[in-house]
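Trainee: Quick one: this structure, given as structure tokens, is what I'll be asking you about.
The values are calculated or read from the model by the stated rules, or taken from the named source; none is laboratory data. Treat the numbers as computed from the prediction; the structure is a model and nothing was measured. Quick reminder, even Gly has a Cβ in these numbers, built from the backbone with ideal geometry, and neighbours come from all protein chains shown. Accessible surface areas use protein heavy atoms only, side chains included; no ligands, DNA or RNA. Shrake-Rupley method; radii C 1.70, N 1.55, O 1.52, S 1.80 Å.
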Amino acid sequence: MQLGKQVRLERIFDRNTKKTIIVPMDHGVTVGPIPGMIDLRGAVDKVAEGGANAVLMHKGLPRRTHRGHGRDIGLILHLSASTSLSPFSNTKTLVATVEDGLRLGADAVSVHVNVGDENERAMLRDFGEVSTRANEWGMPVLAMVYARGPRIADENHVDVVKHCARLGEELGADVVKVAYTGSPETFRQVVDGCCIPVVIAGGPKMENDAQILQMAFDAMQAGAAGLSLGRNVFQHENPTALLRALHGIVNDGLNTTTAMNQYLS
């Protein structure tokens, strides 16, 4: 591995455990200024203090959220976008470059592919071009690969998620983010079929803390390399406390009950 890529990966993964907690904050492009994402600098403060390894955001936000104080946190620059207002909301378009990431001091870039979409081929082409360019610069690539399209009956089915993870690996990603399959037994199959770190997406906002922590615990038991949780973190009434509990599960091996009692009671 190139030294530059290794150094950057160490900024978004815990050096000791090789695990990560990423908080995506790219929702504004897709759905607008939702709760939890109004005060962006404050949101970054809260997740950094909670122990998140990195935030993920579009290119216009780093200069608005760089704090110059407090706990450091890694930056992943998201290169793909679409809006919920579009008739093609699952078709992601490149809106930034690897070079934008370098200029903004990013530790990685991310690209989003929706497998099964009618415009899948354009997203695959973009992914391939980004991974090639990123490799030239020693920039890590996080691939968000989900199954969304007319032929997808269940985007969380283990066979579908295994395919998504393997696609990310084979097209040059350094880390792949996929949907959680719902159980440690099925998600272990996803991890076993992919030779790069696999992190789970948080999905829709959950009903309670126990559900969030249990999903995190189960995923880690299945061999996940970490979590990428957005709404379930930044829309929480106490994102800092929740992240400390998640950090205990991901990096310290705490079970759900202990993590909840220690940080959220």
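Trainee: Would you call residue 174 under 14 Å from the mean Cα position of the chain (by Cα), within 21 Å of residue 17 (Cα to Cα) and buried (at least 20 other Cβ atoms within 10 Å of the Cβ)? Working first, answer last.
Mentor: On the way: under 14 Å from the mean Cα position of the chain (by Cα): yes; within 21 Å of residue 17 (Cα to Cα): yes; buried (at least 20 other Cβ atoms within 10 Å of the Cβ): yes.
Spelling it out, residue 174 is indeed under 14 Å from the mean Cα position of the chain (by Cα), within 21 Å of residue 17 (Cα to Cα) and buried (at least 20 other Cβ atoms within 10 Å of the Cβ).
Trainee: If you check every pair at least six apart or on different chains, which have Cβ atoms under 8 Å apart with a residue in region 93-111 that is within 20 Å of residue 64 (Cβ to Cβ) first and a residue that is of a type in the set (Ser, Thr, Tyr) second?
Mentor: 95/80; 110/80
Trainee: Sticking with this one: Kindly provide the set of residues from region 26-61 that are open to solvent by 30 Å² or more (accessible area, probe 1.4 Å), of a type in the set (Val, Ile, Thr) and within 24 Å of residue 8 (Cβ to Cβ), ordered by number.
Mentor: Scanning region 26-61 gives a single hit, 29.
Trainee: Now for a separate question. Please indicate, with yes or no, whether at least one residue in region 128-148 is aromatic (Phe, Trp, Tyr), assigned to a helix (DSSP H, G or I) and touching a residue at least 24 places away in the same chain (Cβ under 8 Å).
Mentor: Checking region 128-148: at least one residue is aromatic (Phe, Trp, Tyr), assigned to a helix (DSSP H, G or I) and touching a residue at least 24 places away in the same chain (Cβ under 8 Å).
Trainee: I'd like to know if region 58-71 contains one or more residues that are within 21 Å of residue 7 (Cβ to Cβ) and in contact (Cβ under 8 Å) with a residue 40 or more places away in the chain.
Mentor: Among the residues of region 58-71, at least one is within 21 Å of residue 7 (Cβ to Cβ) and in contact (Cβ under 8 Å) with a residue 40 or more places away in the chain, which makes the answer yes.
Trainee: Applying the selection to region 83-130, what residues are among the small types (Gly, Ala, Ser), open to solvent by less than 20 Å² (accessible area, probe 1.4 Å) and more than 17 Å from the chain's Cα centre (by Cα)? Write out each step before concluding.
Mentor: Within region 83-130, the subset among the small types (Gly, Ala, Ser) is 84, 86, 89, 96, 101, 105-106, 108, 110, 116, 122, 128.
Subsequent filtering for residues that are open to solvent by less than 20 Å² (accessible area, probe 1.4 Å) retains 96, 101, 106, 108, 110.
Residue satisfying the conditions is 96 alone.
Trainee: Among (1) more than 15 Å from the chain's Cα centre (by Cα); (2) in a helix (DSSP H, G or I), there is one condition residue 16 misses while meeting the rest; what is its number?
Mentor: Unmet for residue 16, out of (1) more than 15 Å from the chain's Cα centre (by Cα); (2) in a helix (DSSP H, G or I): (2).
Trainee: Looking at region 200-249, which of the residues that are part of a loop (DSSP other than H, G, I, E, B) and touching a helix residue (DSSP H, G or I) at 6+ places or on another chain (Cβ under 7 Å) is nearest to residue 54 (Cα to Cα)? Don't jump to the end; show me each part of the working.
Mentor: Restricting attention to region 200-249, the residues satisfying the condition of being part of a loop (DSSP other than H, G, I, E, B) are 202-208, 222-225, 229-230, 235-238.
From the residues that got through so far, the ones that are touching a helix residue (DSSP H, G or I) at 6+ places or on another chain (Cβ under 7 Å) too are 202, 205-206, 222-224, 230, 236.
Numbers: 202: 15, 205: 20, 206: 21, 222: 22, 223: 20, 224: 17, 230: 12, 236: 18 Å.
The extreme case among them is 230.
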